[in-house]
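Student: Please find one structure pasted underneath; my questions will follow.
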Amino acid sequence: MTEKKNYALPIAMMFALFFMIAFVTGLQNPLGVIVKSQFSLSNFQSQLGNLMNFLAYLCMGIPAGILLQRIGYKKTALTAVAVGFVGVGVTFLSGTADSFPVYLIGAFISGFSMCMLNTVVNPMLNTLGGGGNKGNQLIQFGGVFNSTAATLAPVLGGYLIGDIAGAKISNANPVLFLAMGIFALAFIVLFLSKIPEPFVVRKEKDAVKDKYSAWSFRHFILGIICIFIYVGVEVGIPNIMNLFMTDPTMGKGIDTTVAGSVVGTYWLLMLVGRLIGGLFGGKVSSKAMLTTVASGGIILMLLAIFMPDSNIVKMPVMNSNLSFGFAEVPVNCLFLVLCGLCTSVMWGVIFNLAVEGLGKYTSAASGIFMMMVCGGGIIPAVQGAIADSVGFLNSYWLLIAGFAYMLYYALLGSKNVNKDIKTE
């Protein structure tokens with residue numbers, strides 16, 4: 001009982017950081033719609049802010065893992081929160097300066113913060129849960145807070161955009177101020193909290209260099225490829241759907257507030273899925289969970305592509321005032337939104353499968369894992385370019401290929417074939 005009480009505060013703090021990661025990252029979705037209109041950009045160019053946000057993971061992934069090992073969870077998290085405050089501040093300044101390059105710089109700085117925070121929260125929750133199914137379960141519960149923030153960001157953003165023709169970055173200032181306030185509060189709470197440091201590495205003069213590393217495990221290598229693809233799929237589904245709904249020429253010309261509510265509902269379903277995953281994560285294996293949701297994602301994506309976009313349906317959505325209502329959208333959007341139930345649990349189960357059996361290599365592996373999150377910027381940008389060429393719905397074939405790889409990883413690629421390596 002004492003051990004559980006001691007772990008309550010650090011678990012709560014990790015959940016709070018999960019919220020912040022998604023809120024700041026989720027702002028890139030409505031901002032992508034804004035900058036496309038404000039600076040007359042293509043679909044590909046509208047995704048550059050999202051790309052810069054996730055490219056920061058590629059640059060900071062391994063350094064963040066090293067930082068975690070050298071200075072520990074608390075100092076890494078404090079550094080990340082401070083950097084995040086600066087990143088959102090620069091985004092605010094881009095609206096004042098009416099500058100797209102400054103906006104991209106702000107997105108890049110924010111990405112550094114998100115990478116460092118992700119490097120902290122995932123191994124921390126997996127460790128506090130004891131690894132295995134329990135570690136996955138705790139990550140899934142953390143994902144509930146992540147999805148709550150991801151739901152609020154596009155809904156609030158869509159509400160603030162107003163008329164797409166006159167939208168500017170400065171329209172999102174209230175949300176940016178809220179994000180900076182969250183960062184400031186989190187810094188104070190973190191500074192005053194005591195966080196356990198299970199993986200801090202202290203240099204020894206006569207230390208022998210280990211000939212093995214996380215790269216020595218095949219299932220880990222295949223796992224980081226899987227996370228690269230997964231994050232791209234998770235972000236690409238709502239980002240391109242938002243462009244599809246709001247584009248007056250290639251898309252459907254749907255009001256931005258309605259589109260924001262539809263996108264927010266996608267993230268809301270991710271919240272529901274993660275809550276279910278958290279409740280049953282201790283009883284269902286990560287392999288079985290990933291197999292089920294990857295298969296479901298392929299089916300829903302195929303329906304979204306092949307159903308005529310002239311078929312209009314009324315789907316329940318969460319409105320900007322946090323009430324529920326109905327929005328008239330193409331049936332394709334309904335199937336894309338339902339994909340949120342499938343992508344919801346993938347982060348936790350892929351991370352759990354990829355680091356299973358890594359032992360002392362887990363911290364370094366987490367940094368490498370975060371580096372591959374850059375897929376969340378690269379894949380949507382590629383999908384945006386495909387949409388420019390062959391249309392929005394046909395661009396989703398790229399994401400079907402991603403779901404297919406995740407299914408392969410669940411069935412075959414996640415098996416640890418390097419059990420002979422000592423990890424204690």
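The values are calculated or read from the model by the stated rules, or taken from the named source; none is laboratory data. This is a predicted model, so every value here is computed, not measured. In this analysis, Cβ positions are derived from the backbone assuming ideal geometry, glycine residues included, and neighbour counts consider all displayed protein chains. All accessible areas refer to the heavy atoms of the entire protein, side chains included, with ligands and DNA or RNA removed. Shrake-Rupley method; radii C 1.70, N 1.55, O 1.52, S 1.80 Å.
Student: Which whole-number percent of Cα pairs in region 376-424 have a distance greater than 14 Å?
Tutor: The share of Cα pairs beyond 14 Å in region 376-424 comes to 64 percent.
Student: Among R274, R70, what's the order by accessible area (1.4 angstrom probe), most exposed first?
Tutor: Listed by decreasing accessible area, they come as R70, R274.
Student: Using a 1.4 Å probe, what is the accessible area per residue for the chain, in Å²?
Tutor: 39
Student: Something else: Hey, what do the phi angles of region 242-249 turn into as Karplus ³J(HN,Hα) couplings, whole Hz, using 6.51/-1.76/1.60 and θ = phi - 60°, x for Gly and Pro?
Tutor: Result, rounded to whole Hz: 4, 5, 4, 6, 8, 5, x, 9.
Student: Next question. Given a 1.4 Å probe and the protein chains all in place, what does the accessible area of M372 round to, in Å² to the nearest 10?
Tutor: 40
Student: Further question: Per q in 0.11, 0.13, 0.15 Å⁻¹, report the Debye log10 I(q)/I(0) for region 275-424, using one uniform scatterer on each alpha carbon and no solvent.
Tutor: -0.56, -0.75, -0.95
Student: Let me ask you something else. If amide hydrogens are placed 1.01 Å from N in the peptide plane, which non-local residues have theirs closer than 5 Å to the one on E356?
Tutor: Correct list: empty.
Student: Still on this structure: Keeping all protein chains in place and using 1.4 angstrom, which order do Y408, Y103 fall into by accessible surface area, from largest down?
Tutor: Y408, Y103
Student: Search the structure for amide H atoms under 5 Å from the amide H of V313, placed 1.01 Å from N in the peptide plane, and list their residues when 5 or more places away or on another chain.
Tutor: HN-HN under 5 Å from V313: V329, V331.
Student: Among [x] 28; [y] 55; [z] 46, which is the computed percent of Cα pairs over 33 Å apart?
Tutor: Among [x] 28; [y] 55; [z] 46, the one calculated here is [x].
Student: What's the whole-number percent of alpha carbon pairs in region 1-94 lying beyond 15 angstrom?
Tutor: So the portion of pairs separated by more than 15 Å is 71 percent.
Student: Now, a different point. Taking the Cβ of N416 as the center, what net charge do the other residues with Cβ under 14 Å away carry, scoring Lys and Arg +1 and Asp and Glu -1?
Tutor: +3
Student: Take region 220-288, compute every pairwise Cα distance, and split them into 10 Å bins from 0; I just need the percent in each bin.
Tutor: Bin by bin from 0 Å, the calculated values are 18, 32, 31, 15, 4.
Student: With all protein chains present, how much of the accessible area of the chain (probe radius 1.4 Å) comes from carbon and sulfur, to the nearest whole percent?
Tutor: 67
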